Amino acid sequence: MEPERREKKCPCGHTRSHPQVQQDPEYTLWGWIQLSLLGITPLPERIVFRCIRCKKSLGVSRDPALLRKKQMPDERPEA
C-alpha cells in the first residue's frame, strides 16, 4: 500500500491549481540571451509554481508539454 501523497500548500493555503498560483517560466542563461538580445522566444527550462500573495514556491515542473505551452508565440507576421 502506497502512502497517500498530499499536494503541497503555501502558507496562504493555496495549491498548484489555485487561481492565486501562477506558473513562472524560468530560462537558462542562453535562453535569456536569446530572449533579450536576439528576440527569439526560447523554450523555458522549467516552470515554477508560485503563490502571488506570499511568493512561496509550490514546486517545479519540467514536463515537455507544459514547457511548450508556456513558450511565448513568435509575433512575426507570416509572409
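The values are calculated or read from the model by the stated rules, or taken from the named source; none is laboratory data. Since this is a predicted model, take the numbers as computed values, not measurements. A quick note on method: Cβ atoms are made from the backbone with ideal geometry, for glycine too, and the neighbour counts reach across all protein chains shown.
Collect the residues in the range 1-54 that are aromatic (Phe, Trp, Tyr), surrounded by 15 or more Cβ atoms within 10 Å (Cβ to Cβ) and either in contact with a Phe, Trp or Tyr (Cβ under 7 Å, 6 or more places away or on another chain) or not in a loop (DSSP other than H, G, I, E, B) (or both), keeping them in residue-number order.
49
May I ask you to say which residue of 63, 74, 24 is at pLDDT below 85 and of a type outside the set (S, T, N, Q)?
Among 63, 74, 24, only 74 is at pLDDT below 85 and of a type outside the set (S, T, N, Q).
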